[in-house]
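The values are calculated or read from the model by the stated rules, or taken from the named source; none is laboratory data. Given the structure is predicted, the values throughout are model-derived calculations rather than measurements. In this analysis, Cβ positions are derived from the backbone assuming ideal geometry, glycine residues included, and neighbour counts consider all displayed protein chains. With ligands, DNA and RNA removed, areas are computed over all heavy atoms of the protein, side chains included. Shrake-Rupley method; radii C 1.70, N 1.55, O 1.52, S 1.80 Å.
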Amino acid sequence: MRADRRFNLAGLGVFAALLLLWELYSRAGGVESYLPPPSAALKALTEPNVARALFGHLAGTLGRFLGGYLLAAALAVAAGVVLGYSRFAYSVSEVIIELLRPMPSVAIIPVAILCLGIGDAMMIAVTIYAAAWPILLNTIDGVRNLDRTLVDTGRTFGLGRVKILWQVALPAAAPYIATGLRVSLPIALILVTTSEMVAGVNGLGFFILDEERSLRPANMYAGIVVVALLGYALNRLFVAVEARALAWKRGLQAKGEA
Amino acid sequence: MRPSKISGFVALLAVVAAWELVARAGLVNPLLFPAMSKILASFLALLASGEIPAQIARSMERAAAGYFLAATVCIPLGVAMGLSERVYRALEVVVETLRPVPPPVVIPVAMLFLGIGDGMKIFVIFFSCAWPILLNTIDGVRNIDGLLVDTARTFGLARGRTILKVVLPAAAPQIMTGLRISLSITLILVVISEMIGSTDGIGYFILNAQRRLKVDQMYAGMIALALLGYILNQAFLFVSKRLLRGR
């Protein structure tokens with residue numbers, strides 16, 4: 001890759017040209033009901049009442065996302081370590097996992113509505129269910145691929161089973177867990193927005209669908225801009241946290257290779 | 001059969017039996033958790049009556065159209081972006097702007113343009129499948145050994161033939177990875193779009209069964225969906241093994 005990657009003039013030019021084309025096309029008239037000019041969406045974004053509403057919906061979506069994603073991470077890593085470490089636990093649950101996994105996770109939404117009603121608990125529950133799979137499977141993989149020497153060394157130094165799990169197995173599986181967490185991030189956002197659309201009373205998913213049904217397309221596009229920014233910001237945040245959390249690993253590998 | 005598989009099936013039977021007993025004993029609300037035997041009977045009845053096969057067929061039409069559309073657009077585009085730095089940089093900002101949009105929020109936009117018909121669902125599936133296919137194709141083409149392309153040129157292969165005979169086969173494993181990721185995304189998005197704006201399809205069937213409190217039918221639909229996901233994944237593995245043979 002070249003050094004001048006930072007500033008992509010051609011790319012920005014194409015992007016601006018597309019926006020301009022859209023602006024001109026929709027200003028020419030006749031398409032306001034579904035394709036307002038991008039400037040109208042931007043204007044909606046800066047209107048105080050729309051901005052205030054959007055901020056509230058953003059807070060709702062973000063809260064549900066964090067609740068579902070973090071709980072999924074905690075539960076799936078814990079379960080994954082146990083299933084990866086204990087052959088018995090794995091063989092008992094393997095068939096059940098293989099049966100549940102191929103079902104598209106959104107199909108769980110109707111069940112969650114039945115059991116938990118309409119509200120935050122339902123949305124967080126479906127987010128946990130969907131986001132847990134990649135984390136669980138990657139954690140199991142990571143712990144199973146654990147270098148036996150590491151475990152034996154830990155045992156030689158008198159570490160108990162629990163300490164070996166915490167201080168040896170978990171750090172060694174960390175890169176796998178990170179992969180699972182990265183895959184789960186967009187999945188969690190998909191599940192939060194979907195459940196807000198299917199059975200929500202607030203949140204960005206609800207807002208976007210509601211503005212579409214109320215025939216305010218400019219507000220709808222403003223909502224999509226916000227949700228895209230949220231997705232982008234969460235991804236950047238994840239990459240930054242991952243780089244810091246796994247920095248020790250990279251240093252170790254570099255030393256090992258040298 | 002491996003002994004570990006056997007204990008797995010025993011565990012599965014135990015779960016099913018426990019469900020049946022708990023439901024029969026009235027320990028759980030039968031409205032939420034009907035007996036497993038009732039769910040399976042309902043599944044078989046819906047299968048025999050043709051209801052479930054018909055709904056799955058509707059969903060599969062949409063899924064296939066969106067999926068193959070994404071593949072036909074994104075593989076050539078990915079090859080172009082992978083081979084030419086110029087094309088890549090021209091489209092980079094547009095791709096990076098659209099990619100973080102969670103696919104379900106595209107549904108309202110598609111409904112504005114296309115109503116709640118098949119076109120809307122096909123577009124939404126196309127949009128969500130496009131990214132894994134595109135990015136994996138770009139990556140696969142970029143990681144090709146430069147020597148391969150140079151050799152082809154030395155032997156006087158024209159550009160079009162080089163792409164067909166050298167670039168595509170070399171990038172095939174990674175393109176298949178993209179296609180595989182997109183396959184599971186397709187199934188998710190067809191269900192979501194049928195839940196939000198549809199009058200048929202398996203996603204609509206499941207949500208509608210819940211709303212009419214035909215809970216056994218809801219679970220039956222979920223069983224059908226899990227089977228469908230499993231079969232599609234196995235079919236994909238079968239096809240991709242044949243395509244990548246000799247590699």
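Hey, what did region A:37-257 get for relative contact order, percent, Cα under 8 Å, at least 6 apart? Once divided by the residue count of region A:37-257, the mean separation gives 29 percent. At a threshold of 10 Å², the residues of region A:10-30 that become less accessible to a 1.4 Å probe in the full protein assembly than in their chain on its own are A:Ala10, A:Gly11, A:Leu12, A:Val14, A:Phe15, A:Leu18.
Among the protein heavy atoms of chain B, carbon and sulfur supply 68% of the accessible surface, probe 1.4 Å, non-protein parts ignored.
Cross-link partners of B:Lys38 among lysines, defined as those whose alpha carbon lies under 22 angstrom from its own and excluding same-chain residues fewer than eight positions apart: B:Lys214. Atom-type composition of the exposed protein surface of chain A places 67 percent of the accessible area on carbon and sulfur (1.4 angstrom probe). Counting 0.36 nm for each residue step from A:Leu215 to A:Leu42 and taking away their Cα separation leaves a gain of 60.6 nm. Taking a sphere under 13 Å around the Cβ of B:Phe43 and counting the other residues whose Cβ falls inside, with K and R at +1 and D and E at -1, yields a net charge of 0. So which residue, out of A:Tyr69, A:Tyr232, A:Tyr176, gets the largest mean-square fluctuation from a GNM of chain A using Cα contacts under 10 Å as springs? Of A:Tyr69, A:Tyr232, A:Tyr176, the Gaussian network model singles out A:Tyr232 as fluctuating most. On the beta carbon distance between B:Ala158 and A:Arg236, with R0 = 51 Å, the FRET formula returns roughly 0.75. Could you tell me which of rounded, prolate or oblate describes chain A, using a ≥ b ≥ c as the square roots of the eigenvalues of the alpha-carbon gyration tensor, with rounded for a/c under 1.5 and, failing that, prolate when a/b is larger than b/c and oblate otherwise? Oblate, because a/c is 1.5 or more while a/b does not exceed b/c. In order along region B:42-57, phi translates into HN-Hα couplings of 5, 4, 5, 5, 5, 5, 5, 6, x, 5, 5, x, 5, 5, 5, 4 Hz, rounded to whole numbers, per the Karplus curve 6.51 cos²θ - 1.76 cosθ + 1.60 with θ = phi - 60° and x for Gly and Pro. Using a cutoff of 8 angstrom between alpha carbon atoms and counting only pairs six or more residues apart, the relative contact order for chain B works out to 25 percent. Contact with the other protein chains removes 40 Å² or more of accessible area, compared with the isolated chain and a 1.4 Å probe, from these residues of region A:201-220: A:Glu212. Straight-distance candidates among the lysines for linking to A:Lys249, with alpha-carbon spacing under 26 Å and chain neighbours fewer than 8 residues away dropped: A:Lys163. Taking a ≥ b ≥ c as the square roots of the eigenvalues of the Cα gyration tensor, an a/c ratio of 1.5 or more together with a/b larger than b/c marks region A:65-147 as prolate. The helix-only estimate of mean residue ellipticity at 222 nm for chain A, built from DSSP H runs of length n ≥ 4 each weighted as -39500 (n - 2.57), is -27000 deg cm²/dmol after division by the residue total. Structure remark: mean-square fluctuation, Gaussian network model of chain A, C-alpha springs under 10 Å; the largest value among A:Arg144, A:Arg244, A:Arg52 belongs to A:Arg244. If you find the alpha carbon centre of region A:37-53 and of region B:126-151, how far apart are they in angstrom? Going from one Cα centre to the other spans 38 Å. Going from the isolated chain to the complete set of protein chains, region B:19-38 loses at least 50 Å² of heavy-atom accessible area (1.4 Å probe) at B:Leu32.
With contacts taken as Cα pairs under 8 Å at a separation of at least 6 residues, region B:107-247 carries a relative contact order of 24 percent. If you take the Cα centroid of region A:204-221 and the Cα centroid of region B:164-220, the two points sit 24 Å apart.
Here A:Asp147 sits with roughly 80 square angstrom of accessible surface, probe radius 1.4 Å. Classify chain B: rounded, prolate or oblate, from the alpha-carbon gyration tensor (a ≥ b ≥ c, eigenvalue square roots; a/c under 1.5 rounded; otherwise prolate if a/b is larger than b/c)? Judged from the Cα gyration tensor, chain B comes out prolate (a/c at least 1.5, a/b above b/c).
The Cα center of region B:65-97 and the Cα center of region A:140-185 differ in position by 39 Å.
Pairing chain A with chain B buries about 4500 Å² of accessible area. This figure sums both sides and uses a 1.4 Å probe.
Comparing mean-square fluctuations of B:Ala158, B:Ala71, B:Ala224 from a GNM of chain B with C-alpha springs under 10 Å, the top value falls on B:Ala158.
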